[in-house]
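Please read the structure below before turning to the comments.
The values are calculated or read from the model by the stated rules, or taken from the named source; none is laboratory data. This is a predicted model, so every value here is computed, not measured. Note that each Cβ is placed from the backbone with ideal geometry, even for glycine, and that neighbours are counted across all protein chains shown. SASA here: full protein model, heavy atoms, side chains in, ligands and nucleic acids out. Shrake-Rupley method; radii C 1.70, N 1.55, O 1.52, S 1.80 Å.
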Amino acid sequence: MDRITLRGIRAYGKHGVFAYERERVAPFDIDVTIETNLDAAATSDDLVDTLDYASIHRTLVRTVAGTSFALLERLAAELANAVLTDARVQAVEVTVAKPGILDGATPAVTLRREQSP
């Protein structure tokens, strides 16, 4: 299966276990790998035959900004579900990291989801 990867997406939102984390905007780093068939795009060289990277980026950033969850796991699941709304996506892997909250460490969660049959 072919893959499209978007790395290093920086989005801002209010997510965290503690109330103060959901009261202020914080950065979140996102990497997403999408499995899809790219045969048509590789032949046609036409955007309509592939997934629009800019649209996916906007969807992910908008989802981080427009929701508020306690856990990175829940946020990652919401992002994966947003990508899976396109039936051409066969599977998606989403990594969400929350930098700057632990002394020298960045927690991250990676989820993989597949299109429902």
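What FRET efficiency, computed as 1/(1 + (r/R0)^6) with R0 = 41 Å and r the Cβ-Cβ distance, is obtained for Asp31 and Ser116, rounded to the nearest 0.05?
Result of the calculation: an efficiency of 0.95.
FRET efficiency for the Ser44 to Gln90 pair, using the beta carbon distance and R₀ = 30 Å, is estimated at 0.95. Ranking His57, His15 from most to least accessible surface, computed with a 1.4 Å probe over the protein chains only, gives His57, His15. For segment 91-101, backbone phi angles converted through the Karplus equation (6.51, -1.76, 1.60; θ = phi - 60°) give residue-by-residue couplings of 7, 9, 10, 10, 10, 10, 10, 10, x, x, 10 Hz, Gly and Pro being listed as x. In the chain, the DSSP-assigned H stretches of four residues or longer account for a calculated mean residue ellipticity at 222 nm of -8000 deg cm²/dmol, using -39500 (n - 2.57) per stretch and the full residue count as denominator. Hey, if you drop one equal point scatterer on each alpha-carbon of the chain and run the Debye formula without solvent, what base-10 log of I(q)/I(0) do you get at q = 0.13, 0.16 Å⁻¹? Listed by q, the Debye log ratios stand at -0.51, -0.72.
Compute the angle between helix 72-83 and the longest alpha-carbon principal axis of the chain, please, reported from 0 to 90 degrees and rounded to the nearest 10. Value to nearest ten degrees: 20. Let me check I've understood the local charge: for Leu51, count other residues with C-beta under 11 angstrom from its C-beta, Lys and Arg +1, Asp and Glu -1. What total comes out? My count for the surroundings of Leu51 gives -3.
Residue-wise HN-Hα couplings along segment 12-23, as the Karplus relation 6.51 cos²θ - 1.76 cosθ + 1.60 with θ = phi - 60° gives them from phi, are 10, x, 10, 10, x, 5, 8, 4, 4, 6, 8, 9 Hz; Gly and Pro carry x.
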